[in-house]
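Okay, structure first, notes after.
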Amino acid sequence: MDIQRAMNSMHTRLKLVAFVHFILIVLALGSAWLPSAYLFYNLLYMVALFWAIHCRESIDAVQICAVINGFSFFFDLMGIISYFPSHGIFSAVFAILNLVIRPFSLLLLQRELSDRGGSFDLGYDGSGGVGEHPTSYEDIDAPHQQTPSHGQVNVNLFK
């Protein structure tokens, strides 16, 4: 199997990220030194990864997965620094490996997101769907401003 070709195929990247993080999370949770929050946010991350794998066209799934992964990096760092064990070093090694792998998986998620036609731009541009940056949804019930055509005179009867 050609690794480079596998990394360039869209859905293989997500499956690889999910597989690696799953194994590292399970091995890191082999001891009871990590806080329960570690399990919580990693479970959310895995659910978001499976959602992104399942919904092959969804940009939102990959964006949410990437955001959770980015925050999880900092949560992992705080958890490892705060709760580093005096025993159970085996699970600590895998927690540290999971922490080290997160930036690389974030790059793979960014690549997946760009292949799906999305970006990390999470802000709202304020266009409302009409004008320079149209969206796929346009409210047809909204009142539109009407301009008079050429040759038509507006007469105000109530002055």
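The values are calculated or read from the model by the stated rules, or taken from the named source; none is laboratory data. Just so it is clear, the structure is predicted and the values come from calculations on it, not from any experiment. Here the Cβ is made from the backbone with ideal geometry for all residues, glycine too, and neighbour counts use every protein chain on show. Side chains included, ligands, DNA and RNA excluded: accessible areas come from the protein's heavy atoms. Shrake-Rupley method; radii C 1.70, N 1.55, O 1.52, S 1.80 Å.
Observations on the structure shown:
- Filtering the stretch 137-156 for residues that are at pLDDT 90 or above, small (Gly, Ala, Ser) and open to solvent by less than 70 Å² (accessible area, probe 1.4 Å) leaves an empty set.
- Test: residue in the stretch 71-78 that is hydrophobic (A, V, I, L, M, F, W, C), touching an Asp or Glu at 6+ places or on another chain (Cβ under 9 Å) and closer than 20 Å to Leu109 by Cβ: no
- Test for Ile3: is it loosely packed, with under 12 Cβ neighbours inside 10 Å, among the β-branched types (Val, Ile, Thr), farther than 17 Å from Phe120 by Cβ and modelled with pLDDT under 95: yes
- Applying the set (1) free of Cβ contacts under 8 Å to residues at least 12 places away in the same chain; (2) among the polar types (S, T, N, Q); (3) touching a helix residue (DSSP H, G or I) at 6+ places or on another chain (Cβ under 8 Å) to Ser36 leaves exactly one unmet item: (3).
- Number of residues in the stretch 10-48 that are touching a Cys at 6+ places or on another chain (Cβ under 8 Å) and closer than 19 Å to Leu77 by Cβ: the value is 1.
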